[in-house]
Each structure stands twice: as structure tokens, then as C-alpha cells.
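A short worksheet on the structure shown next.
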Amino acid sequence: MDLSTILSQLESNNEQEIEELLRQYNRENTLIFTFDPEEEALRSKLCQSVLSVLGRQVQPSCQKTCLESLRILSRDKRVLGPVATREGMLTLGGLARLCAGEEGGDNQISSQEDSSFSSEEEERVVVEALKCLSNVILNSPAAQQVSVDVQLVNGLCARLRTARTWNHEVGLFTLRLLFLLSALRPDVRGVLRIEKHAVKLLTEVLEHTLDVHWVGLYEAAPPDPQALPISAEDNQRAMEALKALFNLTLCDAGEEDDHQLRLITAILRHLLMLRTETEEKTEEAHSHAVNLLNNLPVSCLDVLIDVPVQGGLEKYGGKNMDAVQMLLDFMEKRIDKQGSNYKEGLTPVLSLMTEGSRHHREIRRYIKAQVLPPLKDVKIRPEIGTTVRNKLVRLMTHVDMGVKQMAAEFLFVLCKESVDNLLKYTGYGNAAGLLVARGLLGGGRGETQYSEDEDSDTEEYKSAKPFINPITGHVEEPMPNPIEEMTEEQKEYEAQKLVNMFDKLSRQNLIRPMGVRPDGTLAPLEETLCDPSEGNSGSDSD
């Protein structure tokens, strides 16, 4: 449809004609996401005209149609000038029932909220207005600033307080708008967290959405195994609430009340034990739970295991490891996911379990038993096989440096940061990157202090230990000696040839011979070969 024709018709006062015209435009463009640059000026004028119609006292059906048109137009970042103004944002905020008025006057969003709708049409108007606000704020830095100026968060937080009466889409897009503002404007996070107490409000939204029933201070009643999975709508709203909470706890989560953070941890434990309608959605929910747990102080993680064991997994010091096992299962699924982005999908859960194991003895002992059980068969290289240990050892040589370091650090912590224990399970070759980075090539331990309990080696490992190649970490088949048939002259010739090759490569700076200092760090070979007693001029020995 010709935009000039639409613009000329919008100047009329015939509401029905305007509505029918825009409906036709919406039908033709509902799936359009890229626009003709030559019509940019016309689309900008259309945005202004639609806003003018919305400023009149038109019926809800016409408001909804206008907002649908504006939502389509707001996909184009370059035409949002008329909308990203104080007048435009207040118009949309009013239609979204993030009402303009009484507290802040005409220039601010008030905290008054009316969650009831007299018709389905009115509800659709609010939903469409929220969608428009989301698009405009996502695509326009100017609109983001105006949202701060008119204190849009007032209306959003007011609506959070009415979560128990929400219509699904109204709640969903309210949470999405809150997520976008907190993601795009770091300054808004502090206002939401400190002045508006949004962390508490979002926690209450999660409690209601996930139907949490408390049976202890930080203990939710376990889900009924016979109960239906959490509905798709509840799951959608919970995910948006988790994303917004992630933003608000991204920095200085420790400033929040310890009770509030432990309450969030307990809700996340409950979420880990829930099922959704599909395995894919369950994995998505667990991913958001893991991301948020990473933001919380590590001291809160004891809430994951400080619940009674009710037919759950094996006890470790009386702790319930059901939630920890869910994290392990989630980690393995992410490792097995073909073509996935390990950095985004896997490193958060590895980081969470690493810190949990570092600071909570029972968590470390349980994960160690699952991931690094006592060695028996040492005839196969540690990176070959289908066990979790094999998969993690393979990641220790991954091309992505972050993934490689995180996998190695996780195994290192499970081994209580003992180099000897790590090498036992991974081999020197796989662990070399971590040892270089930590200055532990000479052996020893990391800085964290762990309990003295040690896992005893199996008899199979003890008998095979003298024959294990420390580089590969397994017992190798005997190889024929290539110099066995050589004469002494041939051996000397080959040795000199090898020396000459290394010398040539070194002089061309293609390689640089390195050695290990006494402190376990790498250094040029000439430095490590120096006698430390040289230059000790103060010595009074003869």
C-alpha cells in the first residue's frame, strides 16, 4: 500500500476509515523487518500521524490497530524520532496503563496501576502498547533517556505489585520491558534495586509464578511427581523475571539483604527440580537459573543442599544433592550439544560448580565422586571415552581459551588444587596450559585451603602406576627402540644432527628453549640453568 495515500487519509477524522486503512497496512507488513530506505521520511511521518490519532479520543479497537502499525514501524531504528519524545513516550505509557498523571504531573509516569479491563479489546491495547514500548526502547537510545526522564520504572514497579492479578501477556511484556530497561541502562539498575526494591518485587513474582509453597525458612515444598509440568505461559513469565533479576544482581549483589538473596537461591533450587512442557524449555529454565546463581554470593549456595533428604540422592554430611545432580546433568547436556557456543552455554555452569566446590566441601566431594571416581582402567588415554571425565579432559585442549581454562580450573578444584592429583586424572599434556598459567609446572598446590580427607587409590591404579606415561596419563604399549640397532657412531651422528636443527630454529627465533624456575614458572632456558649461588658475593666461604 502506498504510504502517501495512507498519510493523506489519516488526516481525516473518520475513525472507521483510519482503522480499516491501517488494518490493511498491518496485514501487508506484519512479517516485514527490513524496509525501503527511500521511504524513510514517509515512514517517519506515518509514525507521527499514528501518534496523533492515538492522542485523540478514539475507540479501543482503533487504538489497538494504530499500536499494531506503530509496532511494525518501530522495527526500523531510523524512523523513531517522533516516538522517542516525551510526548510520544507518555502517550504509549498511558495506553500501557503505566499511567501518566497524579504523582508526577503530566511529565512523569505515576505509580498508579489498574489491572482490571472492562473488555478484551482494552487488554489488547495495553499489550500492544507494551510491545511498542519494548521495540522503541530497544531500538532508540533517545527513547531510553526519555524513559528515565519520565520515570517509567514507577509504573513498571507498580505493576509488579499486582502480579497475582495479571493477564498473561500484560505480565509478560511488563517483565520484558523491565528487562530491557535494566539491560540497556546501567544507571536504572541502581534505582530499581535501591529505591524501588525491584529485587524483592521480582522475587515475589517468581514465587507466585512457580507456585512456591514454603515449608521452611529457605525450603520450598518439593514438586509433586504426579503434577503436570509448569505451563508454557508460567514458564515464559518466570524466564523474563529471571532475566531482569540477573541484570539487577549483576553488580554488587552482596549489597542486597542476605535473607533476600538466600530466598532467591531457594526459589532457584525449586526451579531446578521442576519440569516444563518440553525438554528444550526445561533446559532454558535451568540455564537462566545457573546464570542468576552465578551472580549471588557463593555463601548462598549452601541453600541448594541444606534441605532434608526425602528419597533423594546419597547424603554427604546430611546434605541433599538433588539440585547439584541437576546441575551436573545440565552441564553434561551442554557439553554434548552439537554446534553449541560453549563460551555462553557451558562456562556459566562450570564457573558455578567450580566456586561451589571451592567453598562448600560437601558439594566438592559429591561432584568429585561423579566426575572423577577412583581410577581403575588406565590403559586408555584420559581424553578418550564417553564419561564426564573424558569429556571435560577433552575440553582442556579446546580452541576457545575461556572454555579451556574453565574446564581445567573445575577439574583442578575437584582435585583440591593438587597438581599431582590433577595429573593422575588428566595427564601432563592436557594439564600443561593450566599449570603454566598458575605457575605450577614444578608441582605443588593452589592457594585455596581444603580439608585433609583423601580418596584412596584403587588396587588396579596402584599396580599400574609405575607404568603410566605421565604426559599422556595412561599405560602405553611398549614401543620399539629406534636406536637399538645403531652403532655408537650412528647414535652420535643423529644426536648432533638434532642439536643442529634445534640451534637453527632457535637462532631464527622460530622456537625458544624454556625451562622451569624453582617457583614453577616458565623462563628462558639460560636463566633456569644459571647457578643461583653465582653472584652471591657476600658469601664468606673459601
### Task
Would you mind estimating how fast the stretch 259-302 diffuses translationally, via Stokes-Einstein at 25 °C and 0.890 mPa s with the Kirkwood radius over Cα pairs, in µm²/s?
227
### Task
Could you list, in their original order, any pairs among Lys337/Lys391; Lys379/Lys416; Lys337/Lys424; Lys45/Lys77; Lys243/Lys319; Lys343/Lys391 whose Cα atoms are separated by more than 20 Å?
Lys379/Lys416; Lys337/Lys424; Lys243/Lys319
## Note on the structure
Given 233-242, 6-15, 433-442, the highest-first ranking by average Cβ count within 10 Å works out to 233-242, 433-442, 6-15
### Query
What is the helix-to-structure angle for 258-272, meaning the angle in degrees between its Cα long axis and the longest Cα principal axis of the chain, kept from 0 to 90 and rounded to the nearest 10?
90
### Summary
With a Förster distance of 25 angstrom and the Cβ-Cβ distance between Ala437 and Val499, calculated FRET efficiency to the nearest 0.05 equals 0.20
### Query
Looking at Val136, Val188, Thr426, which one has the Cα that reaches farthest to the positive end of the dipole of the chain (charges on Cβ: Lys, Arg +1; Asp, Glu -1)?
Val136
### Message
Over the chain, what portion of Cα pair distances is larger than 34 Å, expressed as a whole percent?
### Response
56
#### Entry: Mean accessible surface per residue for the stretch 301-383, computed with a 1.4 Å probe while every protein chain stays in place, in Å²
46
#### Entry: Nearest-ten-degree value, helix 401-414 long axis tilted from longest Cα axis of the chain
60
### Task
List, largest first, the extents of the alpha carbons of the stretch 430-481 along their principal axes, each in whole Å.
43, 28, 14
### Task
State whether the stretch 260-392 is rounded, prolate or oblate according to the following rule on the C-alpha gyration tensor (a ≥ b ≥ c being the square roots of its eigenvalues): a/c under 1.5 gives rounded; otherwise a/b larger than b/c gives prolate, and the remaining case gives oblate.
oblate
### Query
Which residues' amide hydrogens lie under 5 Å from the amide hydrogen of Gly444, considering only partners 5 or more residues apart or on another chain, with H built in the peptide plane?
Val419, Asp420
### Task
Give the percent of DSSP beta bridges with both residues in the chain that are antiparallel, rounded to the nearest 5.
90
#### Entry: Interatomic Cα distance distribution for the stretch 3-105, bins of 5 angstrom, percent
2, 12, 24, 25, 19, 11, 4, 2, 0
### Task
Within the set of other residues whose C-beta is less than 14 Å from the C-beta of Leu395, count the net charge using Lys and Arg as +1 and Asp and Glu as -1.
+2
## Note on the structure
Nearest-0.05 FRET efficiency for Trp214 and Asp329 at R0 = 35 Å, using Cβ-Cβ distance, is 0.85
### Query
Among all the aspartates and glutamates, which ones have a C-alpha under 14 Å from Lys200's C-alpha, if same-chain residues fewer than 8 places away are not counted?
Glu255, Glu256, Asp257, Asp258
### Query
At a 1.4 Å probe, what is the % contribution of carbon and sulfur to the accessible area of the stretch 206-345?
48
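Taking 60 Å as R0, compute the FRET efficiency from the Cβ-Cβ separation of Asn469 and Ser8 and round it to 0.05. Mind dumping the intermediate values first?
Numbers: r = 83 Å, r/R0 = 1.38.
Efficiency computed from Cβ-Cβ geometry: 0.10.
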### Message
Which three extents, in angstrom, do the Cα atoms of the stretch 162-299 have along their principal axes, listed largest first?
### Response
44, 34, 27
### Query
In square nanometres, what is one fourth of the surface area of the convex hull spanned by the alpha carbons of the stretch 364-473?
6.7
#### Entry: Phi-based couplings in Hz for the stretch 479-496 (Karplus 6.51, -1.76, 1.60; Gly and Pro marked x)
9, x, 7, x, 9, 4, 8, 7, 7, 4, 5, 5, 4, 5, 5, 5, 5, 5
## Note on the structure
Checking rank on 360-369, 486-495, 457-466, with mean other Cβ inside 10 Å and highest first, the result is 360-369, 457-466, 486-495
#### Entry: Karplus-derived 3J(HN,Hα), 6.51/-1.76/1.60, for each residue of the stretch 348-359, Hz, glycine and proline x
x, 6, 5, 4, 4, 6, 5, 5, x, 6, 5, 10
### Query
Whose amide H sits under 5 Å from the amide H of Asn469, counting only residues 5 or more places off or on another chain, with H placed in the peptide plane?
His474, Val475, Glu476
### Task
Bin width 10 Å, alpha-carbon pairs only: give the P(r) of the stretch 129-186 as whole percents, running from 0 to the bin holding the largest distance.
23, 58, 18, 1
### Message
Over 17 Å apart: what share of the alpha carbon pairs of the stretch 224-307 falls there, rounded to a whole percent?
### Response
46
### Task
Please go through the stretch 1-60 and write out the trypsin sites (Lys or Arg not before Pro) that DSSP classes as loop and that have at most 13 other C-beta atoms within 10 Å.
Arg56
### Summary
Of the convex hull drawn through the C-alpha atoms of the stretch 348-401, the volume per residue in Å³ is 90
### Summary
Each label sits 7 Å from Cα toward the beta-carbon; between Glu280 and Arg517 the label points are separated, in nm, by 5.3
### Query
So what's the gap between the Cα centers of the stretch 195-220 and the stretch 414-461, to the nearest angstrom?
41
### Task
Could you go through the stretch 144-149 in sequence order and give the Karplus-derived ³J(HN,Hα) for each residue, using 6.51 cos²θ - 1.76 cosθ + 1.60 with θ = phi - 60°, rounded to whole Hz, and x for Gly and Pro?
4, 5, 4, 4, 5, 4
#### Entry: Amide hydrogen neighbours beyond the local backbone of Met514, cut-off 5 Å, H modeled
Leu525
### Query
Helix 120-139 versus the longest principal axis of the chain: what is the Cα-based angle in degrees, 0 to 90, to the nearest 10?
50
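The values are calculated or read from the model by the stated rules, or taken from the named source; none is laboratory data. Quantities reported herein were computed from a predicted structural model and do not represent experimental measurements. Backbone-built Cβ (ideal geometry, glycine too); neighbour counts: all protein chains shown. For the accessible areas, the whole protein counts, side chains as well, though only heavy atoms, and no ligand, DNA or RNA atoms are used. Shrake-Rupley method; radii C 1.70, N 1.55, O 1.52, S 1.80 Å.
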